[in-house]
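Please read the structure below before turning to the comments.
The values are calculated or read from the model by the stated rules, or taken from the named source; none is laboratory data. Note that this is a predicted model, so its numbers are computed, not measured. Cβ placement follows ideal geometry from the backbone for every residue including glycine, while neighbour counts extend to all protein chains displayed.
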Amino acid sequence: MLDVHYTFSALDGTATLREYPSLPRVETKARTTQKQELLNLQDHPLLALDDITISFGGVTALSNVDLTVKSGEIRAIIGPNGAGKSSLVNVMCGLYRPDSGRVHINGHSFRQVPAQKAARLGIARTFQNLALFKGLTVLDNVTSGLAFARRSTFLGQAIGLGRARREENEARERAEQIIDFLHLGEVSGKLAGALPYGLQKRVELARALVPNPQILLLDEPMAGMTATEKQEMAGFVRAARENYGTTIILIEHDIGVVMGLSDRIAVLDYGRKIADGTPDEVRNDQAVIDAYLGIDREHDEGDL
Ligand SMILES: Nc1ncnc2c1ncn2[C@@H]1O[C@H](COP(=O)(O)OP(=O)(O)OP(=O)(O)O)[C@@H](O)[C@H]1O
């Protein structure tokens with residue numbers, strides 16, 4: 001059962017023990033070396049963002065953001081609307097090129113992650129808005145998640161011979177396994193577009209899981225769901241980590257779900273990372289409380 005209980009009652013103003021202290025801003029080599037040492041201390045994170053800044057016109061969506069993601073953890077990114085969460089995920093998967101900073105994935109370092117190679121780097125993602133093939137069955141949608149992993153040529157696939165036929169069968173088998181895993185067996189032959197919204201979101205999760213990604217980016221996987229659907233989805237996300245060892249990075253607005261599901265949470269506000277730590281650390285962080293409640297500290301000394 002998920003712990004989805006979250007209140008602001010534990011506001012005792014305790015200073016947050018950040019897991020990774022922020023580094024003094026020292027330019028050039030000294031800073032790079034310090035950063036490297038810090039990264040090494042963190043169990044060799046599977047993914048690390050190093051000093052990412054990106055602007056759109058006059059809007060700075062992300063400002064000097066650092067983030068590490070350890071192998072096998074469930075890592076949430078939260079923050080008010082417009083805080084920069086989607087931009088951060090778009091930088092991780094190569095949709096956005098930051099103005100400065102670097103992305104480190106599994107020993108590779110990029111200014112811009114090559115989006116077309118994201119699958120080969122072990123990254124899969126889901127989108128904020130559903131992006132299913134509504135006129136295809138659930139099974140076909142889930143199988144399509146392996147399209148980039150297959151090695152046979154388009155012509156070979158079209159005429160269904162040799163390696164292409166074998167890959168097709170393997171893809172179906174793998175899709176069926178994931179469909180069972182996510183309890184979608186009963187709707188496997190139905191058109192995705194005809195399913196209730198909550199199930200469509202689960203089909204999206206299935207399609208993202210089918211290539212067995214090392215890192216799964218979930219952009220608001222529970223948006224628009226009922227409380228029960230959210231709990232089910234949270235259970236499946238956790239099960240994916242337990243069963244397949246998938247490292248999960250998720251953006252989610254429902255703080256209760258995030259607190260119960262995540263190992264560590266990074267909080268963004270106006271493009272800056274204002275807190276980073278365990279759910280308990282973040283829950284008690286005054287900057288986080290202020291960001292969410294919109295408190296102006298100079299003018300509000302009273303109790304909450
Ligand atoms: N492609 C883009 N073009 C122009 N502005 C953008 C683009 N992507 C993001 N932004 C701007 O960057 C800022 C951060 O947006 P982003 O979508 O990353 O925030 P968010 O935290 O995901 O917000 P929400 O919770 O509302 O989805 C916003 O001001 C947004 O308008």
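Results, tabulated for the structure shown:
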{"item": "Residues that are of a type in the set (F, W, Y) and farther than 9 Å from I54 by Cα, drawn from region 86-115", "result": "F110"}
{"item": "Residue count for region 66-99, restricted to those that are more than 11 Å from the ligand (Cβ to nearest atom), not small (G, A, S) and not in a loop (DSSP other than H, G, I, E, B)", "result": "7"}
{"item": "Number of the exception - A115 against (1) more than 16 Å from the ligand (Cβ to nearest atom); (2) modelled with pLDDT under 90; (3) in contact with a Cys (Cβ under 7 Å, 6 or more places away or on another chain); (4) not acidic (D, E)", "result": "(1)"}
{"item": "Failed condition for K273, given (1) among the basic types (K, R); (2) more than 16 Å from the ligand (Cβ to nearest atom); (3) out of contact with any Lys or Arg (no Cβ under 7 Å at 6 or more places or on another chain)", "result": "(2)"}
{"item": "Flag for G101 being at pLDDT 95 or above and crowded, with 17+ Cβ neighbours inside 10 Å", "result": "yes"}
{"item": "Of the criteria (1) of a type in the set (D, E); (2) under 26 Å from K85 (Cβ atoms); (3) more than 16 Å from the chain's Cα centre (by Cα), which one E220 fails", "result": "(3)"}
{"item": "Residues of region 185-219 satisfying the condition of being farther than 27 Å from S71 by Cβ and of a type in the set (A, V, I, L, M)", "result": "V187, L191, A192, A194, L195, L199"}
{"item": "Selection status of A76, in contact with a Ser or Thr (Cβ under 6 Å, 6 or more places away or on another chain), crowded, with 22+ Cβ neighbours inside 10 Å and under 23 Å from G260 (Cβ atoms)", "result": "yes"}
{"item": "Residue in region 100-112 that is nearest to the ligand (Cβ to nearest atom), counting only those that are under 25 Å from E242 (Cα atoms) and assigned to a loop (DSSP other than H, G, I, E, B)", "result": "N106"}
{"item": "Filter result for I54 (at pLDDT 90 or above, on the phi < 0 side of the Ramachandran plot, under 21 Å from the mean Cα position of the chain (by Cα) and more than 16 Å from the ligand (Cβ to nearest atom))", "result": "no"}
{"item": "Residue match in region 117-136 (condition: part of a loop (DSSP other than H, G, I, E, B), within 25 Å of T278 (Cβ to Cβ), polar (S, T, N, Q) and touching a residue at least 60 places away in the same chain (Cβ under 8 Å))", "result": "no"}
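One line per residue, one yes/no per condition, for (1) of a type in the set (D, E); (2) within 27 Å of P196 (Cα to Cα):
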| position | (1), (2) |
| --- | --- |
| E73 | yes, no |
| M92 | no, no |
| Q112 | no, no |
| L139 | no, yes |
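Conditions tested, residue by residue: (1) surrounded by 22 or more Cβ atoms within 10 Å (Cβ to Cβ); (2) without any contact (Cβ under 8 Å) to a residue 40 or more places away in the chain; (3) closer than 29 Å to G107 by Cβ.
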{"site": "Q214", "(1), (2), (3)": "no, no, yes"}
{"site": "L217", "(1), (2), (3)": "yes, no, yes"}
{"site": "M225", "(1), (2), (3)": "no, yes, no"}
{"site": "F236", "(1), (2), (3)": "no, no, no"}
{"site": "A239", "(1), (2), (3)": "no, no, yes"}
{"site": "I249", "(1), (2), (3)": "yes, no, yes"}
{"site": "E252", "(1), (2), (3)": "yes, no, yes"}
{"site": "S262", "(1), (2), (3)": "yes, no, yes"}
{"site": "L268", "(1), (2), (3)": "yes, no, yes"}
